[in-house]
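Chemist: For reference, the structure I am asking about is given below.
Please treat every number below as a calculation from the coordinates, not as lab data. From a predicted model like this one, the values you see are computed outputs, not experimental measurements. Here the Cβ is made from the backbone with ideal geometry for all residues, glycine too, and neighbour counts use every protein chain on show.
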Amino acid sequence: MNQFSRSELLLGAEAMEKLKKARVAIFGIGGVGGYTVEALVRSGISRFDLIDDDKVCLTNINRQIIATRKTVGRYKVEVMRDRILEINPKAEVVMHQCFFTKETADRFDFSIYDYVVDAIDTVSGKIELVLRCQEKNVPIISCMGAGNKMDPTRFEVADIYKTSVCPLAKVMRKELSNRGIEKLKVVYSKEPAMKPMGDSCNSCKSSCICPPGTDRKCTDKRQIPGSVSFVPSVAGLIIAGEVIKDIAAKE
């Protein structure tokens, strides 16, 4: 018996060995990406690349699995690494404390990844990630908009060109089409986005508590999206499920 024996009852020994050997890169360790990593390590994935330049902020506590009072101010990749190793001490974790852009993309050798998870929130970064994965023929799944939503049951898995409602997916469809990308597996929601209540006392715009030295503070954003604990987490778990099924079924 081992810690993955219950999973092996459903997936089988051969699939569990594939999961153990697979190397998965998760770009963005936030509300979505954190739960994706959590489910992946508990499913038997043991080789991770974690990419994020951000530190845990007090306002992350409402939805990010790595965010607690004790972790505020620490780099997310470090906190996530520690959590992975607490679950599976034999796991291998490579941390990349950087913000993924076209300018930083050359730091990564995509040919070494068996799967890539896109949980970042910039269109330019997402597009560059898709292009790099296509170039190396690496499977990728991308999360569309999860902010300003309240219904976790509205998430679906689909090809980007079969999505609707989601404004981010609309932009991605256009940009990827212009670049000749024919398909992309995504998780998206058909729930129309809510308009955040502009209560200034709860806004980072007026009372930022990010630790000194934090790059890309919330105050740099034109609009701070609202979020809750049970929406991005569900998106992250759905993504993890797709990754596990695809790797387990891989010949």
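Chemist: Which distance in Å, rounded to a whole number, links the C-alpha centroids of region 123-159 and region 1-33?
Modeler: Measuring centre to centre over Cα atoms gives 20 Å.
Chemist: OK, next. Which residues among region 162-200 fall inside the zone where the amide N is under 13 Å from a point 7 Å beyond the Cα of Ile224, along Cα→Cβ?
Modeler: Counting only backbone N, you get 196-200.
Chemist: Using only DSSP helix segments of four residues or longer, with each worth -39500 (n - 2.57), what per-residue ellipticity at 222 nm results for the chain after dividing by its residue count and rounding to 500? Could the numbers behind the result be given before it?
Modeler: Working: 7 runs with 85 residues, N = 251.
Here the helix-only value at 222 nm equals -10500 deg cm²/dmol.
Chemist: Follow-up. Within a Cβ distance under 15 Å of Leu11, other residues only, what is the Lys/Arg minus Asp/Glu net charge? Working shown, then result.
Modeler: Values: positive: Arg6, Lys18, Lys20, Lys21, Arg42, Lys245, Lys250; negative: Glu8, Glu14, Glu17, Glu242, Asp246.
Summing Lys/Arg as +1 and Asp/Glu as -1 gives +2.
Chemist: Please give the contour-minus-distance gain from Asp246 to Leu10: 0.36 nm per residue of separation, less the Cα-Cα distance, rounded to one decimal in nm.
Modeler: Working: separation 236, 0.36 × 236 = 84.96 nm, distance 1.47 nm.
Length gained, Asp246 through Leu10: 83.5 nm.
Chemist: Out of residues 5 or more away from Asp49 or on other chains, whose amide H comes under 5 Å of its own, with H placed 1.01 Å from N in the peptide plane?
Modeler: When sequence neighbours closer than 5 places are left aside, the close amide H contacts are Val24, Ala25, Ile26, Val94.
Chemist: Per residue of region 68-84, in order, report the coupling 6.51 cos²θ - 1.76 cosθ + 1.60 (Karplus, θ = phi - 60°) as ³J(HN,Hα) in whole Hz, putting x for Gly and Pro.
Modeler: Couplings: 9, 4, 6, 9, 4, x, 8, 5, 4, 5, 5, 5, 5, 4, 4, 5, 4 Hz.
Chemist: Testing the spin-label approximation: label points 7 Å from Cα along Cα→Cβ at Asp109 and Asp151. State their distance in nm.
Modeler: It is 4.7 nm.
Chemist: Hey, if you put +1 on the Cβ of every Lys and Arg and -1 on every Asp and Glu Cβ in region 5-249, which of Gly226, Phe155, Ala169 ends up farthest toward the positive end of that dipole?
Modeler: Comparing the listed Cα positions along the dipole, Gly226 ranks first.
Chemist: When Lys and Arg each count +1 and Asp and Glu each count -1, what net charge do the other residues less than 14 Å away from Lys70, Cβ to Cβ, add up to? Before the final figure, lay out the partial values.
Modeler: Working: positive: Lys55, Arg69, Arg74, Lys76, Arg83; negative: Glu78, Asp82, Glu86.
Residues near Lys70 contribute +2 overall.
Chemist: Also: Given H placed on each backbone N at 1.01 Å, which residues far from Ile66 in sequence or on other chains put an amide H within less than 5 Å of it?
Modeler: none
Chemist: Here's a follow-up. At Val165 and Thr122, where each label point lies 7 Å from the Cα along Cα→Cβ, what is the point-to-point distance in nanometres?
Modeler: Going from the Val165 label point to the Thr122 one covers 2.9 nm.
Chemist: Karplus couplings for region 114-129 from phi (6.51 cos²θ - 1.76 cosθ + 1.60, θ = phi - 60°), rounded to Hz, Gly and Pro as x?
Modeler: Once rounded to whole Hz, the list reads 8, 7, 10, 10, 9, 10, 9, 10, 10, 4, 4, x, 4, 4, 4, 5.
Chemist: Quick one: what are the phi-derived ³J(HN,Hα) couplings along region 95-109, Karplus 6.51/-1.76/1.60 with θ = phi - 60°, whole Hz, x for glycine and proline?
Modeler: 9, 10, 7, 8, 9, 6, 9, 4, 6, 9, 4, 5, 6, 10, 9
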